[in-house]
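Readers should treat all values here as calculations from the given coordinates under stated rules, not as data from a laboratory. What you see is a predicted model, and the numbers here were worked out from it, not measured in a lab. Here the Cβ positions follow ideal geometry from the backbone for every residue, glycine too, while neighbour counts run over all protein chains shown.
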Amino acid sequence: MLVLLPPSETKRDGGEGAPLDLAALSHPTLLAQRSMLVDGLIALSEDATAAMRALKLGPRGEAEVERNRRLLETPTMAAFDRYTGVLFDALDFTRLEPAARAFAAESVVVHSALFGFVGALDPIPAYRLSHDSRMPGIRLRSHWRESLAELLDARPGVIVDLRSEGYAELGPLPNRHDAAFVRVVSVGPDGRRRSLNHFNKQAKGRFTRAFLEQRPDIGSVGELLEWAAGAGFTLERGARALGGGQRNELELVA
């Protein structure tokens, strides 16, 4: 089973790894696209005002621009150690045992606007680029959509998409029954289900951590639902199903 995660806007500084080597990242077929974006982001960062506007940063965003300007100079660390924020705090990757971290490298990726699909242990620097950033001469949707969709289509087995809608647009799931987009919802007193924001990310982090700790062998969406129930999660088939151009969806009740 493959789990897709969104990235975090916030990232840890520092690291002990060598500077960025794009050839060392997983999914090497993305090398040319990564190189183009890295070069473009560094060039954009020479003009702090233009960069802050393109990245939709506030007046205190110059530190983020400086991160981007020095992308090829600063140290790296494992991607899932680099990302912070609600989801990654709940995942708490730095405290996972070595076997769980190794399993994550095989079964979980984060969807980076800069690097495409990044493996859990891929060495990356701190950076700032979001799915809705406006890179001069590059539309992120058209830059990534086809190649990432092809990677997902070639991946056998169950795919669980925990990305946000913005990132899901940059690399859509294949149209098959074992690939599903997950919505995090709450159930109100009236029985109505509503999408969540803050607790959305927390639930995704907890779900991914349980998956990495238990390392189940899941061969179908039905087996995924059974495992989730045993692990203490309410994961159910959503109202949308394949057909009519709609994707397969599951609902995680938080």
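Output the DSSP H helices from the chain with an along-axis C-alpha extent of no less than 20 Å and a mean Kyte-Doolittle hydropathy no less than 1.0.
Working: long enough: 140-154 (21 Å, -0.43); 198-214 (25 Å, -1.14).
The answer is none, since no helix passes both cut-offs.
Kindly list the residues of the range 1-22 that lie in the label zone of Glu106, defined by a backbone N under 15 Å from the point 7 Å along the Cα-to-C-beta vector.
Of the residues in the range 1-22, 1-3 have backbone N under 15 Å from the label point off Glu106.
Using the Cα atoms of the range 45-89, I'd like the radius of gyration and the largest Cα-Cα distance, Dmax, both in angstrom.
Cα only, the range 45-89: 12.4, 33 Å (Rg, Dmax).
Can you pull the one-decimal nm distance between simple spin-label points at Ala18 and Arg155, each 7 Å off the Cα toward Cβ?
According to this spin-label approximation, the distance is 2.8 nm.
So, in Å, what gap is there between the alpha-carbon centers of the range 8-56 and the range 157-229?
If you average the Cα positions of each part, the centres end up 28 Å apart.
Return the Rg/Rh ratio of the range 2-253 with Cα-based radii and a Kirkwood Rh.
On the way: Rg = 18.2 Å, Rh = 18.9 Å.
That ratio is 0.97, to two decimals.
Which whole-number percent gives the relative contact order of the chain, counting Cα pairs below 8 Å spaced six or more residues apart? Write out the running numbers ahead of the final one.
Working: 450 pairs, mean separation 59.6, N = 254.
Relative contact order for the chain comes out at 23 percent.
Using the basic label-point model (7 angstrom from Cα toward the beta carbon), what is the Arg237 to Ile42 distance in nanometres?
The answer from the label model is 5.1 nm.
Scan the chain and hand back the longest stretch that contains none of the GluC sites (Glu not before Pro) lying in DSSP loops with at most 16 other Cβ atoms within 10 Å. Mind showing how you got there, number by number?
Details: sites that count: Glu9, Glu16, Glu46, Glu73.
Counting at most 16 other Cβ atoms within 10 Å as exposed, the longest clean stretch of the chain is 74-254.
In terms of modelled amide H atoms, which long-range or inter-chain residues lie less than 5 Å from the amide H of Thr76?
It is Glu16, Gly17, Ala18, by chain and number.
List the aspartates and glutamates whose Cα lies under 13 Å from the Cα of Lys56, skipping any in the same chain that are fewer than 8 positions away.
Glu9, Glu64, Asp132
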